Amino acid sequence: MSEAGEREGGSKKRFITTQVEIEGRVERKVVEVPDYEPEPWGPNAELTIVGTSVPRVDAPTKVRGAAKYTADIQLAGMLHVAVARSPIAAGTFLGVDAAAARRVPGVWDVVTAADLETRAKVQGIPVLSPEILYAGQPLVAVVAESMEAARRGIELLSLNCEASPHATTFADAVAEGAPAVRRNGNLWPGSPRITERGDVAAGFSEADVVIEREFTTPSALHSAMEPHGAVAQWEGDGDRLTIWESTQGVFRVRNDVARGLGIPQSHVRVIKDYMGGGFGAKSGAGVYTFLAAIMARRHGRPVRCVFDRFGEQVDAGHRASTRQIVKLGATREGHLLAIDMVAEIAQGVSGWEASVGSIYHEMYSCPNVRTQETFAFTHSQGMQSFRGPGHVEGAFGLERAMDVLARELQLDPLELRRLNFAERDESKDRPFSSNSLLACYDQGAARFDWANREKRRNDVSSGPMVTASDDARNNLSSGGPPGATRNIKRGFGVAAQVWGAGGGPPAYATARVNTDGTIDILSGTQDLGTGSRTILAQIAAEAIGASPKDVRVILGDTERTPYAGTSWGSMTTPSVGPAVRSAAELVQQRLVEAAAGILDASPDDITISESVIRVRDSDKQITLADLTRKLGNVMIIAEGSRGPNPQGTGISSFGVQFAEVEVDVETGVVRVIHIVAAHDVGRVINPLLASSQLEGGIIQGLGFALGEERLLDRNSGRPVNPSLHDYKLPTFSDVPRIDAFCVDGADTVANHIGARGLAEPPIIPTAPAIANAVADALGVEVNDLPLTPWRLLMVTA
C-alpha cells in the first residue's frame, strides 16, 4: 500500500517522509501527498495516444537548425571567458604573468582566485583554486570581447606552478607514503564499504564449483557533443541573475548558484532549452557557471563561458575505473550459493560513491552475497555520474564471471541465468513491482536465434574479409591491408541487467487551457534530447482527450515552471509523467463540466477525443477551441504532483542483450555483427523514442567495450588522449545491426501511468555481452576493458 494512503487521527497525512532511490542511492525525502491521483492505466487500458510512435515535437526545429543551445545564445554586449588550465597534476599555483595577454585587442580582464570574492565551490573545490589537484584544473580566466581574443590571451599567459608528488592510480593513492589528494585523506569517507547478506563463507563451503577471477574496467569520458557551458546576465538593479545553461537540473543549478554567491534563490533564474547530451555530467553548477555569473557582475555585461573540446575532455568528469575480484560458488546444477566481490574504485579528485557492488546483490537469486568497495581519491578530474553509474562497471565483472561459471559447469550461459532468476528484490527483501526478465530472455533469445547459434559459427571464412572501403572504417572495427587473408572467428554472448528506475517525488506540473483550445503543460524538468517534450505531451493529450498537436510542453525554466527534479537516474518519465497526467485529468474534468453546461448534457455523457467534445448517443458536439472561445477569459488551469512510491516494493527495469561478433585472430580486431536487446520498462509511452534510447545506450556500451579509455601519463599525471581524435568513440561505421525492443507490460504498482525508466538500462549489459561473445569466439577469457586489439593479442599469444 502506498504511503499516500496512510492516515493519522482519521485524516490523510499531507506531508510524509518517504524513500526515493536515485542511481543506486537511497534518499529520505519529505514529500507532499497529492490531493488527487487518478486510477492507474492498466495493461488493458484503451489508450489511443500513449503507446504510439508520435513524431518528436522538436524534430522540425532541430532539423531546420533553429534549436538554440547554450552556446548559441547571443546577447548585446556579451563578453566571453576562456580558461587557462593547470599543466601539472598536483602542486600550487603561484601566480601568472599576464602582461602580454592584457595587450591583446579585445581583452578586458585576467582573473585568478585572488580576484574573486566568492566562496563558491564545485564538488568541494573553490573556483580557480590555487591548490592544484589535477592536470586540466582551471587556474586563470581571461575575459574578452570575443572568444578568439580570450583564447589568444590564454595562449600568452605565463603560469607559475610549483609541482608536488601526485597519485593518478588507485594503487598509487593507497600506497604507503602516498601524497595526499584531499586533506581528509585519500580514502573516501566510510571506505571500504561492506554490504553482506547470509553467510558467504558457508555458501562457498557448500558449493560444488567455485570460480574466482579479476576484472578491470577503464575510466571513460562522457564526450557530449555539446560542451558544458553557461551564459549569465544580471538584470534590474544588478541583483537578479539569469543563467542559460546546458544542464540536467535547472533547479539544482539555481540552488548551487544562490548558495555559492550568497543571494536568494528567488533572484536566480536558470533556463535550459535544448541540450546536446549530458549523460549525467551536467547535473549541477560548474566552474563555467560561476565564472560567467561572477564576470557578468564584475563587468556589468552578459558573459558567456563554454568549455572548448579540450576542457570538455579533461574537466567534465569521468566514469571511475575499477578493479574487481569476483568469486562465485554454485551447485553442479548451476544454482548460485555464494557471491563475493572486492572492488577498488579510483574516483578522481571528487565525486560520489557509484556502487559497483549493487548489481551483485540485485541481479540474481543467491542466499549469500558479500561486496567490499574501496573508493580512493586520485589526482585526476572528479568522477561524475555517467549513464548507469556503478552498474555498468559491476555488470562487466558479474556477467563475465557468470560466463566463466557456465563454462566450468558446461551449461548454456543463458540457462545459467534463467536458473538464478530473482523473483524478489533479495537485496532489500521485498517484492518487485513487476519483473518480466524471463519474458526478455524468451523473446530476446528467439529473435537472436540463440538456440541455433552454433549453426552460424562457421558462417565466416578465412578468405579476404576486408575491402578498401572497409579500411576507411573507424579503427574500433577494422585494420589490415585490403584483401588480406584473415583468420576470423565468430562468437556469441549474452548478459543481463537490472537498474532501479522507479522515479519518485517531488515533481509538479501545471496544465492550462488557452482561449483557442491549445494546452500548455509546464514542468521544471528537462529534455536532454531524449524526447521528454514529446512523451509528456502524449500523456497530457491522452488524459485530456486532446490532439497531441494542440499540446505544448514548456520545460527547463525555474521562473516559469513548477519544480521537478534533476533528469538523472532514469527518473524523468516515471517522476514527471504522473504529475502531468494528474494535472491534465483535472483539466479534463473541468472541461467536461463546462461543456455539459453549454451542450445541456450530463457530465457523465461527455467524452473528449482528438480535441472534440461529444455527447454520447447524440449528435451534439463542440470542438475544444469553440468551447474555450465561448468561455472567453475563464481560465481552466490545474496543478498535478507526483505521489510517493509504494513502500516495501522494489521498482526496477530489467533487460538482456545478445551479441554476435567476429574476431580477427591475426590483428585482434573485433567487429560486432548483431545485437538483440530485450528490455522490461513497464509501459512504453512512445515506441519510436524508446527504440532510439535503446540504440543510443547500446552504442555507448559498444564504445565502452571496444575502444573508450581515458589514459593518463603516470609520470606527469597529464591526459594522453584529450581529444575526439585520440579518445576512440564509435562512429556510424562501427554500429552493428541492432534489434532493440521492450516487452509488453504496464507497471501499475510503480505509478499510475505504468512506466519505469529507460535511459540507463540499455548501456549496462552491452559491454559484458560483447566480451562474452569475444571469449566464446576465441576460447580464452577476456577480463579487461576495453577489448583493444593489443589486449586481445596478449591473451591469445
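Key figures for this structure:
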quantity: Built amide H within the under 5 Å cut-off of Asn721, gap 5+; calculated: Leu711
quantity: Separation of the Leu438 and Thr331 label points, Cα + 7 Å toward Cβ, nm; calculated: 1.7 nm
quantity: Stokes-Einstein diffusion coefficient of segment 344-419, Kirkwood radius over Cα pairs, 20 °C, 1.002 mPa s, in µm²/s; calculated: 154 µm²/s
quantity: Cβ-derived FRET efficiency at R0 35 Å, Tyr36 paired with Arg407, nearest 0.05; calculated: 0.05
quantity: Cα-only radius of gyration and Dmax that characterise segment 34-168, units Å; calculated: 24.2, 72
quantity: Rounded percent of accessible protein surface that carbon and sulfur make up, segment 304-387, 1.4 Å probe; calculated: 45 percent
quantity: Globularity ratio of segment 689-797, using Cα Rg and 2.2 N^0.38 Å; calculated: 1.35
quantity: Under-5 Å amide H pairs with Arg240, H placed in peptide plane, nonlocal only; calculated: Glu235
quantity: Two-site FRET efficiency, Gln621 against Lys62, from Cβ-Cβ distance with R₀ of 30 Å, rounded to 0.05; calculated: 0.25
quantity: Simple label model, 7 Å out from Cα along Cβ direction - Arg213 to Asn514, nm; calculated: 5.8 nm
quantity: Calculated FRET efficiency for the pair Glu148/Leu711, C-beta based, R₀ 41 Å, to 0.05; calculated: 0.85
quantity: Distance histogram for the chain (every C-alpha pair counted, 20 angstrom bins, percent rounded to whole numbers); calculated: 15, 45, 33, 6, 0
quantity: Full-extension gain in nm, Asp600 to Arg197, via 0.36 nm per residue minus C-alpha separation; calculated: 138.6 nm
quantity: Cα-centred dipole magnitude for the chain, charges only on beta-carbon of K, R (+1) and D, E (-1), debye, nearest 20; calculated: 1520 debye
quantity: Relative contact order of the chain, defined on C-alpha pairs under 8 angstrom at six or more residues apart (%); calculated: 17 percent
quantity: Probe 1.4 Å, accessible area per residue of the chain, Å²; calculated: 38 Å²
quantity: Cross-link table Lys428/Lys728; Lys62/Lys728; Lys29/Lys272, entries beyond 32 Å C-alpha to C-alpha; calculated: Lys428/Lys728
quantity: Stokes-Einstein D (µm²/s) once Rh is taken as the Kirkwood radius of segment 555-610 over alpha-carbon pairs, at 37 °C in 0.692 mPa s; calculated: 239 µm²/s
quantity: Kirkwood Rh and Cα Rg combined as Rg over Rh, evaluated for segment 160-242; calculated: 1.21
quantity: Segment 234-391: radius of gyration and largest Cα-Cα distance (Dmax), Å; calculated: 21.3, 76
quantity: Percent antiparallel among DSSP beta bridges (both partners in the chain, rounded to 5); calculated: 80 percent
quantity: Spatial extent of segment 530-652: Rg and Dmax, with the Cα atoms as the point set, Å; calculated: 16.6, 50
quantity: Of all accessible heavy-atom area on segment 87-127, the percent that carbon and sulfur account for (1.4 Å); calculated: 50 percent
quantity: Rounded D (µm²/s) - segment 379-423, Kirkwood Rh over Cα pairs, Stokes-Einstein at 4 °C, 1.567 mPa s; calculated: 103 µm²/s
quantity: Separation of the Ala797 and Gln589 label points, Cα + 7 Å toward Cβ, nm; calculated: 7.2 nm
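The values are calculated or read from the model by the stated rules, or taken from the named source; none is laboratory data. All figures in this text were calculated on a predicted structure; none of them were measured in a lab. Counting neighbours? That spans all protein chains shown, and the Cβs are built from the backbone with ideal geometry, glycine included. All accessible areas refer to the heavy atoms of the entire protein, side chains included, with ligands and DNA or RNA removed. Shrake-Rupley method; radii C 1.70, N 1.55, O 1.52, S 1.80 Å.
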